[in-house]
1. Please work out which one of (1) aliphatic (A, V, I, L, M); (2) within 30 Å of Trp312 (Cβ to Cβ); (3) at pLDDT 75 or above; (4) buried (at least 18 other Cβ atoms within 10 Å of the Cβ) is the condition Val289 fails and give its number.
2. Among Ala47, Ala19, which is the only one that is at pLDDT 90 or above and either aliphatic (A, V, I, L, M) or surrounded by fewer than 16 Cβ atoms within 10 Å (Cβ to Cβ) (or both)?
3. For residues that are over 25 Å from Val195 (Cβ atoms) and either open to solvent by less than 50 Å² (accessible area, probe 1.4 Å) or not in a strand (DSSP E or B) (or both), tally how many sit in segment 22-41.
Amino acid sequence: MMPTDETLEDLGWDDHFSAQLSDEDLRDRHPVRVMSVHRGQIAVAGAGGRQLVTPYIAGAQPTDDHPTVGDWVLIETSTGLPIRVLHRKNLFKRRAPGDPRREQMIAANVDTVFLVASCNEDFSVARLERYLVLAHDVGVTPVVVLTKADLTDTPDVYVAAARAIEPGLRVEIVNGRDPHAVTGLADWCGPGQTVAFLGSSGVGKSTLVNSLRGSDSIATQAIRANDSTGRHTTTVREMHRLAQGGWLLDTPGMRELQLADAATGIAEIFDDFVAAAEECRFSNCSHSVEPGCAVQAGIAAGHLTRARFERWQRLGAEERANTAKQTKRRSPKGV
C-alpha cells in the first residue's frame, strides 16, 4: 500500500461497520474504503495506506455485492483480495446504462447529499422535489445548495422557493468561486463525514467541489448563454478529500437516478397531498372527477396548489412504472 496518515475514522469508519467484524476477521483481514472505481480495478484506502485491488468478490452477484465508491470492503491481508462488502448504511443505485435488466451501484455510505441548483433560468422546483424524494427514500440527510448567487440580484427569491418545498429544509446559498462563501457548508464536511451531490449539468457542481477542496483540479466548463445550462464534467466515480476533513463523493451516475421503489420518499415530500387523500370518500380515488375528493377540494379552497398536485401525480406515475418494470425483471420466467 502507498502510505498515508489517514486513520479509519478519518475515512468514515464508525460503530456501524466495526460491529460487523469478528475476532477471526481481525486476525488476517482488514477493512478498507473504496475511494474510486475504474474499469477492472478499485482504489481503496485503509489504516495502512492506499492501493488498487480487483473489485470482484468470489461468489458475489454483481448487482448486490460488488463494491462501489464509498463502500467499506474487507480485504484478506495476505493476498490483497476483497472478501466481502460490509453492510451499507445506504446505497444510491440506478438501472445499468444499456441493460435495463441490471442495476448499477452508484454510491454508498453517504451522510449528507447536497442538492445543487443554480440561481438562474435552470432553477426548477420540480427537479428539487425529485432529488428530495430520492434522498428521503435512501435515508440520507438533504441540504439544498443554491449556486451562482453572483449571477442574480434576487437570491432571496430562489431561497424562498426552495424552502417552501419542505418544512425545515436546510437551504444554503453560495458563490462557488468564492472559497469563503462555502463556509456555511462546513457543518456537513467535517472529519469522517461523506457528502454527495445531486444536480443537473451546468449548475456549478465542479466549481463548488474545487472551492470545498481548496483546489482547481476538477475540470469545469462554462454555461451556455442561450439556456443557462452546461455540460457535465465529472467522468470518474471518486471520493475527494475536503479542506474541512470530510469527503465529497462525486460521480456522474448521480445525475441519472430514476425513481423506483420510492413510494416512501414521495409520501414524505408530498405529505400534504397524502394527508388530504386519506380524507377522500373513496379509497381508490384518482383525484380527478370522483365526488367527495378531498384533494380537489383542497385545491379549490387554495390549501393545495394545482402545479404541485400535477408534480405529485407525475412522480407517482414514474415511480409505479419503474417499480413494475423492476418487479417484472426480478420475477422468474413464467411467473
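The values are calculated or read from the model by the stated rules, or taken from the named source; none is laboratory data. Just so it is clear, the model here is predicted, and its values are computed rather than measured. Neighbour counts are summed over all protein chains in view; Cβ atoms, including those assigned to glycine, are modelled from backbone coordinates with ideal geometry. Please note that ligands, DNA and RNA were not included when accessible areas were found on the heavy atoms of the full protein model with its side chains. Shrake-Rupley method; radii C 1.70, N 1.55, O 1.52, S 1.80 Å.
1. Answer for Val289: the failing condition is (4).
2. Within the list Ala47, Ala19, the selection yields Ala19.
3. Residues flagged as over 25 Å from Val195 (Cβ atoms) and either open to solvent by less than 50 Å² (accessible area, probe 1.4 Å) or not in a strand (DSSP E or B) (or both) within segment 22-41 amount to 9.
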